[in-house]
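The values are calculated or read from the model by the stated rules, or taken from the named source; none is laboratory data. Computed from a predicted structure; not experimentally measured. We place every Cβ from the backbone using ideal geometry, glycine too, and count neighbours over all the protein chains shown.
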Amino acid sequence: MDIDILIKKIDMETFIKLNRELIGKQYWFLNADNPGELYGMLQDGLAVRIAVKETVIPNIELKFMKSDLDRISLREHMVVKTGKHIINISPLELQIAFKLYLGSDKDIEDAVYLYDIFSKYLDIVKLKQYMSILKVKGADYGIDV
Amino acid sequence: MGSMFDKKQNLAERLKFVHFYSQWVKSVPNEVWSKQQAEFINSLFENARNFHLDAKKYLKSINRR
């Protein structure tokens, strides 16, 4: 089980600060200990995983924004308020289209669940646009837009 | 010999459950479904130390997917 976190590219100095802060808060990086090595992975377009100290799951999969869809995710993010906290999430329309694109049974179930739950609030034009960019269809699963 | 497992039928049944569950979520107050989901997520954290793979094996397993 992981949570994907997408960020704009940061410089090495900022990443080292983030690394130190997370370690100070009892998290650890699963891929490597050396911040330089971790930063190199991020620069290579790979994800690094962060979990609570001495555990492996659940974990955060952290990566730098890379593709146009990543840019849309950040630019058109949605804001979720949970009590005192605020979390930015990628647009639901993009999440649904991307899950269909990934295409495993589990991904399709996730897409259908999001579509069912949020159908009243979705921007169908955007959903169609993202599905068209990713060349996916959802009619077989009830996502008929 | 053909597979005994009908993948398409399996997905259809699972999607039926997804529809059922999403209808249930929408039919009850937020406090009801969110309490169940919070219990599930909290139990994952409580059991995180019992996970059977170390980081190296875990990363290898997800990279194989």
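Can you say whether B:ARG14 is under 25 Å from A:ALA111 (Cα atoms), of a type in the set (Lys, Arg) and either in contact with a Lys or Arg (Cβ under 6 Å, 6 or more places away or on another chain) or within 7 Å of another protein chain (Cβ to nearest Cβ) (or both), as far as the supplied structure shows? Spelling it out, B:ARG14 is indeed under 25 Å from A:ALA111 (Cα atoms), of a type in the set (Lys, Arg) and either in contact with a Lys or Arg (Cβ under 6 Å, 6 or more places away or on another chain) or within 7 Å of another protein chain (Cβ to nearest Cβ) (or both). Looking across B:SER22, B:SER61, B:SER27, B:SER43, one residue alone is surrounded by 11 or more Cβ atoms within 10 Å (Cβ to Cβ) and among the hydroxyl-bearing types (Ser, Thr, Tyr). It is B:SER22. Filtering the stretch A:55-69 to residues that are closer than 24 Å to B:GLU46 by Cβ and without any contact (Cβ under 8 Å) to a residue 12 or more places away in the chain leaves only A:THR55. Sub-8 Å Cβ pairs linking a first residue in the stretch B:41-55 that is more than 14 Å from A:ASP2 (Cα to Cα) to a second residue that is at pLDDT 90 or above and among the charged types (D, E, K, R), at least 6 apart or interchain, are B:ARG49/A:GLU54, ordered by first then second residue. Exactly one residue among A:TYR115, A:TYR121, A:TYR130, A:TYR39 is surrounded by fewer than 18 Cβ atoms within 10 Å (Cβ to Cβ) and in contact (Cβ under 8 Å) with a residue 12 or more places away in the chain, and that residue is A:TYR121.
Restricting attention to the stretch A:73-107, the residues that are more than 14 Å from chain B (Cβ to nearest Cβ), touching a residue at least 24 places away in the same chain (Cβ under 8 Å) and in a helix (DSSP H, G or I) add up to 7.
Take the residues in the stretch A:73-86 that are of a type in the set (A, V, I, L, M) and more than 12 Å from the chain's Cα centre (by Cα), then tell me which one is farthest from A:LEU114 (Cα to Cα). Ranking the qualifying residues of the stretch A:73-86, first place goes to A:ILE86.
Residue by residue, here is whether (1) out of contact with any Asp or Glu (no Cβ under 8 Å at 6 or more places or on another chain); (2) farther than 22 Å from A:GLU109 by Cα; (3) within 11 Å of another protein chain (Cβ to nearest Cβ) holds:
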| position | (1), (2), (3) |
| --- | --- |
| B:SER22 | no, no, yes |
| B:PRO29 | yes, yes, no |
| B:TRP33 | yes, no, yes |
| B:LYS56 | yes, yes, yes |
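Scanning the stretch A:49-67 for residues that are more than 10 Å from chain B (Cβ to nearest Cβ) and either surrounded by 15 or more Cβ atoms within 10 Å (Cβ to Cβ) or closer than 19 Å to B:ASN63 by Cα (or both) turns up A:ILE50, A:ILE60, A:LEU62, A:LYS63, A:PHE64, A:MET65.
The criterion of being more than 26 Å from A:ILE7 (Cβ to Cβ) and either at pLDDT 95 or above or surrounded by 17 or more Cβ atoms within 10 Å (Cβ to Cβ) (or both) holds for A:GLU109.
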